[in-house]
Amino acid sequence: MAAVSLRLGDLVWGKLGRYPPWPGKIVNPPKDLKKPRGKKCFFVKFFGTEDHAWIKVEQLKPYHPHKEEMIKINKGKRFQQAVDAVEEFLRKTKGKDQASSHNSTEEKNRRNSSEERGKQSAGEEKRKASLSEGKVKKGTGEGKKRVPSVSSERGSKSPLKRAQDQSPRKRGRPPKDEKDLTIPESSTVKRVMTGTVAGFKWPPSVSEPVKDSDPHFHHFLLSQTEKPAVCYQAITKKLKVCEEETGSTSIQAADSTAVNGSITPTDKKIGFLGLGLMGSGIVSNLLKMGHTVTVWNRTAEKCDLFIQEGARLGRTPAEVVSTCDITFACVSDPKAAKDLVLGPSGVLQGIRPGKCYVDMSTVDADTVTELAQVIVSRGGRFLEAPVSGNQQLSNDGMLVILAAGDRGLYEDCSSCFQAMGKTSFFLGEVGNAAKMMLIVNMVQGSFMATIAEGLTLAQVTGQSQQTLLDILNQGQLASIFLDQKCQNILQGNFKPDFYLKYIQKDLRLAIALGDSVNHPTPMAAAANEVYKRAKALDQSDNDMSAVYRAYIH
């Protein structure tokens, strides 16, 4: 198959790492963003998302020839929204082109008509001037030459004719009569100039910014013209490994896979303990990216689906740890995390020198420090790596991983973190990730309680809850989280995406963290009381958005 030539502005299908081919547009990268070395690639902005990345040429296909093929193999809602965005962009572009073409045709017709009228008028003037000149010559004699007087010049020749006569003037001083001669502009010249020149539009210069009609690229164009500092920062954060002054580092998994084309899975054997809402999505993505995974869950039936996908079954946590190089765990709370490690046939029994254990549970710093000590005391390596996200983000491989502990182990987990998340941060010594995770969830839980409070206040004061959501979605608080949780409440759908009992647990632990350093957390404390009331109303196993019910009962 012959290679297809691509260029700036083309619509394409781009293979973004582990994701299916996605519609995008080749655009100019920000000036501060350097092109990766190696094979030829283009900077692509993807429709329906905020993603943009350098994509290798072999990972790109022209949009139109492959449209039907891609639509057949991808059925997701977000994918369909992206395709709809492309079609909307094409409709708007076509409309502008047609309008531009129509205007151009009308302008050309007007210009031609004006020029034709100008030529006809100029010809009439010339004919009259010629007749007048003939009369003058007849009266004075053919062979004589005379300098024309002011009156005869004005009366006999048009301005155009006079300009032609003056241009090849012979050497010598001009006649005195002509020195201060002023000739009024004829109506013919005015018509020609206004018809032809005024109607003509010069093409934009190179320095002028080009306007793009595509609303999906507006923020990108702003980054090049209006607010470079803000937008460049957002883009470079997506495409670079950054190191902060605190010593923490972050690896952008999603975009690094886009640049590399695909994830190269580690050759180490991976174990995973705990197949709850978060763990299930994580294991699924590890398997999709080609990792060798052994799974264990307290309820063994949950393992069956992953066995069918190629995972191996471990009978106990100790067995998984002893047969794998790196074992991940993701369980519900501090008690479950300790039981998993210290209990019968637990993780600790399988630890020996060189074995690696990564705890992804959201727990307090004291718990994770205790687990790290016992693992290291047996010669093992320990990393804490709690995750920020929900079930949907876990399934999509878009979690944010906060890690701390063994830096070498963090780097060994690189391909795993890329498979399960979009970003991972290394925060230093053990305990830092636990503290940061509790702070993040404290903010999220408090925000959710405030959303529920606002919606109930709208209802009791006779205001439309849907209108409130529409207003919030148009303001600075607009976010996927806000929209999804409000939709849950408006539809009365509290299917768990993040268990209410777990966000209440995180609020409780965050408040205790504040107490340990004598720092007040009154907002979190107030939100915690609302969640406790929701739990008393049997909402523990519903989504955190069910905190709304604490306000209406």
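Structure values in brief
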| item | result |
| --- | --- |
| The listed residue being closer than 16 Å to residue 8 by Cα and in contact with a strand residue (DSSP E or B) (Cβ under 8 Å, 6 or more places away or on another chain), out of 79, 46 | 46 |
| All positions within the range 303-335 that are assigned to a helix (DSSP H, G or I) and buried (at least 16 other Cβ atoms within 10 Å of the Cβ) | 303, 306, 317, 318, 319, 320, 321, 322, 334 |
| The range 529-553, residues that are among the aromatic types (Phe, Trp, Tyr) and open to solvent by 30 Å² or more (accessible area, probe 1.4 Å) | 551 |
| Flag for residue 506 being outside any helix (DSSP H, G or I), open to solvent by less than 40 Å² (accessible area, probe 1.4 Å) and not assigned by the TED database to the domain that holds residue 394 | no |
| Near pairs, Cβ below 7 angstrom, 6+ apart or cross-chain, from the range 455-477 (farther than 22 Å from residue 546 by Cβ) to any residue that is part of a helix (DSSP H, G or I) | none |
| Members of the range 336-354 that are open to solvent by 10 Å² or more (accessible area, probe 1.4 Å) and over 21 Å from residue 420 (Cβ atoms) | 338, 339, 342, 343, 344, 345, 348, 349, 351, 352, 353, 354 |
| Filtered residues of the range 46-81 (kept if charged (D, E, K, R), open to solvent by 50 Å² or more (accessible area, probe 1.4 Å) and at pLDDT below 80) | 50, 72, 75, 77, 78 |
| Residues of the range 360-374 that turn out to be of a type in the set (Val, Ile, Thr) and either at positive phi or open to solvent by less than 30 Å² (accessible area, probe 1.4 Å) (or both), as a count | 4 |
| Filter pass, residue 449 being crowded, with 23+ Cβ neighbours inside 10 Å and either of a type in the set (A, V, I, L, M, F, W, C) or touching a Gly at 6+ places or on another chain (Cβ under 6 Å) (or both) | yes |
| The lone exception for residue 489 - which of (1) open to solvent by 50 Å² or more (accessible area, probe 1.4 Å); (2) at pLDDT 95 or above it fails | (1) |
| Single match in 392, 373 (criterion: modelled with pLDDT under 95 and either farther than 21 Å from residue 263 by Cα or part of a helix (DSSP H, G or I) (or both)) | 392 |
| Residue under evaluation residue 357, criteria (1) open to solvent by less than 10 Å² (accessible area, probe 1.4 Å); (2) outside any helix (DSSP H, G or I); (3) under 22 Å from residue 507 (Cβ atoms), criterion not met | (3) |
| Where residue 477 falls short, out of the listed (1) modelled with pLDDT of 95 or more; (2) outside any helix (DSSP H, G or I) | (1) |
| So residue 433, is it touching a residue at least 24 places away in the same chain (Cβ under 8 Å), in contact with a strand residue (DSSP E or B) (Cβ under 9 Å, 6 or more places away or on another chain) and either open to solvent by less than 80 Å² (accessible area, probe 1.4 Å) or outside any helix (DSSP H, G or I) (or both) | yes |
| Filter result for residue 442 (under 25 Å from the mean Cα position of the chain (by Cα), of a type outside the set (Asp, Glu) and not assigned by the TED database to the domain that holds residue 329) | no |
| Unique residue being on the phi > 0 side of the Ramachandran plot and not assigned by the TED database to the domain that holds residue 544 when the list is 274, 279 | 274 |
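The values are calculated or read from the model by the stated rules, or taken from the named source; none is laboratory data. Source: prediction; values computed, not measured. Here the Cβ is made from the backbone with ideal geometry for all residues, glycine too, and neighbour counts use every protein chain on show. Remember, those area values only see protein heavy atoms, side chains included, never the ligands or the DNA or RNA. Shrake-Rupley method; radii C 1.70, N 1.55, O 1.52, S 1.80 Å.
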